[in-house]
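To start, the structure itself, in structure tokens.
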Amino acid sequence: QVQLVESGGGLVQPGGSLRLSCRASGRINNITSMGWYRQAPGKQREWVAAETNGGTTNYADSVKGRFTISRDNAENTVYLQMNSLRPEDTAVYYCYANSLGRASWGQGTQVTVSS
């Protein structure tokens, strides 16, 4: 089983930046991809971005050009750099890892974009 711990959320003004981190531990050798979802109040969970072990990245249209996902395999960590943040980016952000056909999830970190 894979354990995931996120950090880096907080309150930021519109137009600002935040970087989220997610460190994996446990059975990490079979992880094939890692990424992020988010869930805003009263809305369904929305996929945000993902990166495969081979370095292929994909983004939701709503964040393309503003968010960047990256992985540090030596540290078993995935990052989400969020720039030009908007109030509609406010949500709880969840890290996930795919391993042996199953997804493991972090506990979530709150991101609030407000003036």
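The values are calculated or read from the model by the stated rules, or taken from the named source; none is laboratory data. In this text, all values refer to a predicted model and were calculated from it rather than measured experimentally. FYI the Cβ positions are ideal-geometry reconstructions off the backbone, even for glycines, and counts take in every protein chain you see. These area figures cover heavy atoms from the full protein model, side chains too; ligands, DNA and RNA do not enter into them. Shrake-Rupley method; radii C 1.70, N 1.55, O 1.52, S 1.80 Å.
Data table
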quantity: Leading residue by the ranking (nearest to N83 (Cα to Cα)) among those in segment 5-63 that are without any contact (Cβ under 8 Å) to a residue 24 or more places away in the chain and of a type in the set (F, W, Y); calculated: Y59
quantity: Residue count for segment 1-51, restricted to those that are outside any strand (DSSP E or B) and under 15 Å from the mean Cα position of the chain (by Cα); calculated: 5
quantity: Residue among R23, R19 that alone is in contact with a strand residue (DSSP E or B) (Cβ under 8 Å, 6 or more places away or on another chain), open to solvent by 60 Å² or more (accessible area, probe 1.4 Å), under 18 Å from R102 (Cα atoms) and not hydrophobic (A, V, I, L, M, F, W, C); calculated: R23
quantity: Residue satisfying condition, being among the aliphatic types (A, V, I, L, M) and within 14 Å of T77 (Cβ to Cβ), within set V5, V48; calculated: V5
quantity: Where G54 falls short, out of the listed (1) at pLDDT 95 or above; (2) open to solvent by 60 Å² or more (accessible area, probe 1.4 Å); (3) farther than 18 Å from L4 by Cβ; calculated: (1)
quantity: Residue within segment 65-76 that is farther than 11 Å from G35 by Cβ, of a type in the set (D, E, K, R) and open to solvent by less than 50 Å² (accessible area, probe 1.4 Å) present; calculated: yes
quantity: Test: residue in segment 85-106 that is farther than 21 Å from S25 by Cα, in a strand (DSSP E or B) and among the hydroxyl-bearing types (S, T, Y); calculated: no
